[in-house]
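S.K.: Pasting a structure here, questions to come.
The values are calculated or read from the model by the stated rules, or taken from the named source; none is laboratory data. Since this is a predicted model, take the numbers as computed values, not measurements. Glycine also receives a Cβ, built like all others from the backbone with ideal geometry; neighbour counts cover every protein chain displayed. For accessibility, only protein heavy atoms count, side chains too; no ligands or nucleic acids. Shrake-Rupley method; radii C 1.70, N 1.55, O 1.52, S 1.80 Å.
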Amino acid sequence: QVQLVESGGGSVQPGGSLRLVCAARGMIFSLYSMAWYRQAPGKQRELVASITSGVNTNYADSVKGRFTISRANDNTVYLQMNSLKPEDTAVYYCYAGRLRTYWGQGTQVTVSS
(Lines give C-alpha, C1' and ligand atoms only; values in the text may rest on other atoms or scores of the structure.)
Protein backbone atom coordinates (compact mmCIF):
# COMPACT_ATOMS: atom_id res chain seq x y z
CA GLN A 1 0.00 0.00 0.00
CA VAL A 2 1.47 3.29 -1.14
CA GLN A 3 1.63 6.09 1.41
CA LEU A 4 2.90 9.63 1.07
CA VAL A 5 3.36 11.39 4.40
CA GLU A 6 4.07 15.12 4.42
CA SER A 7 5.56 17.16 7.23
CA GLY A 8 7.26 20.50 7.76
CA GLY A 9 4.39 22.91 7.25
CA GLY A 10 3.64 25.73 9.62
CA SER A 11 3.33 29.47 10.02
CA VAL A 12 6.07 31.88 9.01
CA GLN A 13 6.47 35.59 8.39
CA PRO A 14 6.96 36.97 4.90
CA GLY A 15 10.55 36.50 3.80
CA GLY A 16 10.95 33.40 5.93
CA SER A 17 11.74 29.82 4.98
CA LEU A 18 10.23 26.38 5.43
CA ARG A 19 11.23 22.92 4.27
CA LEU A 20 8.53 20.42 3.42
CA VAL A 21 9.28 16.72 3.61
CA CYS A 22 7.41 13.87 1.91
CA ALA A 23 8.19 10.32 3.00
CA ALA A 24 7.12 7.71 0.45
CA ARG A 25 6.32 4.14 1.52
CA GLY A 26 5.20 1.00 -0.28
CA MET A 27 6.54 1.91 -3.70
CA ILE A 28 9.65 1.58 -5.84
CA PHE A 29 10.52 5.20 -5.27
CA SER A 30 13.15 5.49 -7.96
CA LEU A 31 10.62 4.73 -10.69
CA TYR A 32 8.22 7.54 -9.81
CA SER A 33 8.08 11.16 -10.78
CA MET A 34 7.40 13.22 -7.66
CA ALA A 35 5.88 16.64 -7.24
CA TRP A 36 4.48 19.20 -4.85
CA TYR A 37 1.10 20.81 -5.51
CA ARG A 38 -0.72 23.43 -3.49
CA GLN A 39 -4.28 24.58 -3.06
CA ALA A 40 -5.26 27.91 -1.59
CA PRO A 41 -8.80 28.58 -0.30
CA GLY A 42 -11.20 29.10 -3.20
CA LYS A 43 -8.59 28.21 -5.81
CA GLN A 44 -7.76 25.17 -7.89
CA ARG A 45 -4.91 22.88 -6.96
CA GLU A 46 -1.78 23.90 -8.87
CA LEU A 47 1.61 22.40 -9.57
CA VAL A 48 4.41 24.00 -7.58
CA ALA A 49 7.41 21.86 -8.54
CA SER A 50 8.16 18.44 -9.96
CA ILE A 51 11.14 16.12 -10.23
CA THR A 52 11.42 13.09 -12.45
CA SER A 53 13.09 9.80 -11.67
CA GLY A 54 15.98 11.18 -13.69
CA VAL A 55 16.04 14.24 -11.38
CA ASN A 56 14.89 16.73 -14.02
CA THR A 57 13.01 19.52 -12.31
CA ASN A 58 10.24 21.91 -13.27
CA TYR A 59 8.81 24.88 -11.36
CA ALA A 60 5.80 27.13 -11.50
CA ASP A 61 6.80 30.61 -12.61
CA SER A 62 5.57 32.02 -9.31
CA VAL A 63 8.14 30.06 -7.28
CA LYS A 64 11.16 29.98 -9.60
CA GLY A 65 14.28 31.15 -7.82
CA ARG A 66 12.66 30.78 -4.40
CA PHE A 67 11.71 27.09 -4.11
CA THR A 68 13.86 24.02 -4.68
CA ILE A 69 12.63 20.45 -5.06
CA SER A 70 14.94 17.52 -4.44
CA ARG A 71 14.79 13.80 -3.78
CA ALA A 72 16.94 11.45 -1.76
CA ASN A 73 17.65 7.74 -1.93
CA ASP A 74 15.80 7.18 1.35
CA ASN A 75 12.43 7.60 -0.41
CA THR A 76 12.09 11.24 0.58
CA VAL A 77 11.20 14.33 -1.41
CA TYR A 78 11.91 17.81 -0.15
CA LEU A 79 10.61 21.25 -1.01
CA GLN A 80 12.85 24.02 0.28
CA MET A 81 10.85 27.24 0.31
CA ASN A 82 12.70 30.54 0.74
CA SER A 83 11.58 34.17 0.55
CA LEU A 84 8.04 33.13 1.31
CA LYS A 85 5.20 35.46 0.41
CA PRO A 86 1.63 35.69 1.71
CA GLU A 87 0.42 34.36 -1.64
CA ASP A 88 2.30 31.12 -0.93
CA THR A 89 -0.25 30.36 1.79
CA ALA A 90 -1.95 27.07 0.91
CA VAL A 91 -2.21 23.39 1.71
CA TYR A 92 0.74 21.68 0.08
CA TYR A 93 0.34 18.13 -1.24
CA CYS A 94 2.93 15.54 -2.17
CA TYR A 95 2.28 13.68 -5.43
CA ALA A 96 3.73 10.50 -6.92
CA GLY A 97 3.06 9.46 -10.49
CA ARG A 98 3.91 6.65 -12.83
CA LEU A 99 1.23 4.25 -14.11
CA ARG A 100 -0.89 5.33 -11.16
CA THR A 101 -0.95 8.50 -9.14
CA TYR A 102 -0.90 8.95 -5.39
CA TRP A 103 -1.42 11.91 -3.09
CA GLY A 104 -0.46 12.75 0.46
CA GLN A 105 -2.85 14.17 3.01
CA GLY A 106 -1.48 17.70 2.76
CA THR A 107 0.32 20.07 5.08
CA GLN A 108 -0.68 23.67 5.79
CA VAL A 109 1.69 26.53 5.04
CA THR A 110 0.69 29.97 6.26
CA VAL A 111 2.72 33.09 5.45
CA SER A 112 1.54 36.10 7.41
CA SER A 113 2.88 38.99 9.40
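S.K.: Return one whole number: the accessible area per residue of region 60-105 in Å², for a 1.4 Å probe.
M.R.: Result: 53 Å² of accessible area for each residue.
S.K.: About the Cα centre, and with charges only on the beta carbon of Lys, Arg (+1) and Asp, Glu (-1), how big is the dipole of the chain? Nearest 20 debye, please.
M.R.: 160
S.K.: Let me ask something additional. Taking 8 Å as the Cα distance limit and 6 or more residues as the minimum spacing, I'd like the relative contact order of region 1-88 as a percentage.
M.R.: RCO, region 1-88: 31 percent.
S.K.: Distance between the C-alpha centers of region 99-113 and region 15-86? Whole Å please.
M.R.: 9
S.K.: Whole-Hz Karplus ³J(HN,Hα) for region 5-14, in order, using 6.51 cos²θ - 1.76 cosθ + 1.60 and θ = phi - 60°, x for Gly and Pro?
M.R.: Using θ = phi - 60°, the values come out as 10, 8, 8, x, x, x, 10, 8, 7, x Hz.
S.K.: So, one more: Along the charge dipole of the chain, which of V91, A24, V2 sits closest to the positive end, that is, farthest toward it, with unit charges on the beta carbon of Lys, Arg, Asp and Glu (+1, +1, -1, -1)?
M.R.: The residue sitting most towards the positive pole is V2.
S.K.: Work out the FRET efficiency for E87 and Q3 from their Cβ-Cβ distance, taking R0 = 22 Å, and round it to the nearest 0.05.
M.R.: The calculated FRET efficiency here is 0.15.
S.K.: With all protein chains present, how much of the accessible area of the chain (probe radius 1.4 Å) comes from carbon and sulfur, to the nearest whole percent?
M.R.: Carbon and sulfur: 45 percent of the exposed surface of the chain.
S.K.: Then there's this: What does DSSP give for the chain in terms of the percent of beta bridges that are antiparallel, rounded to the nearest 5?
M.R.: Of all bridge pairs located within the chain, approximately 95 percent are antiparallel.
S.K.: Test of understanding: extend the Cα→C-beta vector of S53 to 7 Å, then name every residue of region 69-108 with backbone N under 13 Å from that spot.
M.R.: Residues 97-100 fall inside that zone.
S.K.: Please turn the phi angles of region 96-110 into ³J(HN,Hα) values with the Karplus equation 6.51 cos²θ - 1.76 cosθ + 1.60 (θ = phi - 60°), one per residue in order, whole Hz, x for glycine and proline.
M.R.: Values, residue by residue: 10, x, 8, 6, 10, 10, 9, 10, x, 7, x, 9, 7, 10, 10 Hz.
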